[in-house]
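Here is the structure we will look at, set down as structure tokens.
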Amino acid sequence: MKDSLFQAAKFWLVDATGLAKDALHIHVGLIVFFAAALIFRWPLRSWKPWAAALAAALAGEAWDLWESLSEGRRILLWANWKDVWNTMLWPSAILLLARGTRLFGTGRR
């Protein structure tokens, strides 16, 4: 079957960067997290940049699931969970550090 535009873009990104798809999830999560914080001027301790990264991760996985279903491919929920985990690990760690330490100039005093 022919790849969708979304899948083609992901494969192009893998080829262009030389990164594995798992590594791209990590980078995308961080880019969305920091971009949301910068664009909307949300502090890193706010749940909002984290939620933006989560929304992007879930939207990407929902798209992957929809394409798999529409093309009759087998659904591997563990693979989708792994992608969400990879995307959200560092935004979650940064949120917790920003809330609980002085590392980012915020948090408990």
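Out of the residues in the range 59-104 that are in contact (Cβ under 8 Å) with a residue 12 or more places away in the chain and of a type in the set (S, T, N, Q), which is surrounded by the fewest Cβ atoms within 10 Å (Cβ to Cβ)?
92
Need a quick list: helices (runs of 4 or more DSSP H) entirely within the range 1-91 having at least 1 residues that are modelled with pLDDT of 95 or more and within 27 Å of residue 101 (Cα to Cα).
21-40, 47-70
Test residue 31 against the stated conditions and say whether it is touching a Phe, Trp or Tyr at 6+ places or on another chain (Cβ under 8 Å) and among the hydrophobic types (A, V, I, L, M, F, W, C).
Judged against the criteria, residue 31 is not a match.
Does residue 56 satisfy the condition of being within 14 Å of the chain's Cα centre (by Cα), loosely packed, with under 12 Cβ neighbours inside 10 Å and free of Cβ contacts under 8 Å to residues at least 60 places away in the same chain?
In short, no.
The values are calculated or read from the model by the stated rules, or taken from the named source; none is laboratory data. These numbers were taken from a predicted model, which means no experiment stands behind them. Using ideal geometry, Cβ is built from the backbone for each residue, glycine included, and neighbour counts are taken over all protein chains shown.
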